[in-house]
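Report on one structure; see the data block that follows.
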Amino acid sequence: MAVYRPSQSRQQKSETGPREPNLVPIMNLFITIIPFLLMMVVISQAALIGLNFETAGGDGSGSGGSGPGGGDRQIEIRLYDRDDATGLFLGFETRDLDKKSAKYPYINGGFDFISMQAALEQLKTEHPDRVDIAVIVYPEVLYDNLIRTIDLCKQSGFVNVKYMTPRTMYYY
Amino acid sequence: MSRKNTRSSGGRKVRNKTEVSAELSITSLLDVLTIILVFLIKNVSMEAVKISEVSGIQYPTTISKEEIIKNPEVVPVKIYLDRVEIGVDGLFFGTPNDLGDTKKYDDLILFLENEYAKIPPDKKDQACLVVQADASLQCKYITQVVSVGTRADFANIYFATIQDEDWLSSYRPNLARN
């Protein structure tokens, strides 16, 4: 009795059937790259806030602030942190374009940022077309307070913040 | 893995060769990995390493967050309470008080001018000085660094902060001060 046996050609056909591509080297590559990329990923809440500088003559710091006799028309916010013979008080002061000043003393030993926000929003309401403000900061003010002030300025719509230090003027 | 089944059918033996494949299909896994890879490559930025959070500095908090300019040429300056580190490599510069020293001040200008000079001419506009300073520092140190940065022609100066959208409602003055 003859034994059924697949023909030679059928045997060949099954051997040369469709083959899946060999993905193992690609997998190896991916498995190498992905941990490397994950190591480089930095997950943090770090943020950045930028400064703006005047293009004409401003050097970003020490360029002034309009002290007595200053002729620039700009909205200012001044941060004081010294209570000495010069008469500086502890707190902050806002000045609008007409040099109209409003002073806000410390509350509980620190800047009153709630009032600062309200004052900045008031200034923005009065001058809706202005987007620049000068932050004039005295040397002893803490960096934290400077950044919070810049932050509130930007939140209130004054997106161009100039960083200035007070100008000391001597009269003879 | 293969299994050979043999069954009898009407006195005739039929050898049924059944291939049972138990290989793990890695195609779907490969798809997932491809998506992850594309996502990571898109998001990974070498600049992020230069301005990542560093330990030893308590950052100030802000509500707002600004995007850094595209393709920046970052030069970081890290001001700790007790030391100042400059450049991507974190070179030790001195203490914050040294920023007031004329010689050290000039050295810092020279360093930043050299860093600025290394930037290709077509990327000078993207020169970016990132100040990473401790929240408890006095502004006089920040002023010195900003002053040096502007003198070295850095057009973009950023302050590194931690984003906290609720800082105003939770602010307690006595805790923020020294």
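When B:85, A:140 are compared by accessible area at a 1.4 angstrom probe, the order from most to least is A:140, B:85. Non-local lysine pairs in region B:65-159, meaning eight or more places apart or on different chains, with alpha-carbon distances under 24 Å, amount to 18.
The values are calculated or read from the model by the stated rules, or taken from the named source; none is laboratory data. Bear in mind the structure is a predicted one, so any value in this text is a computation, not a measurement. Surface areas here come from the heavy atoms of the whole protein model, side chains and all, with no ligands, DNA or RNA. Shrake-Rupley method; radii C 1.70, N 1.55, O 1.52, S 1.80 Å.
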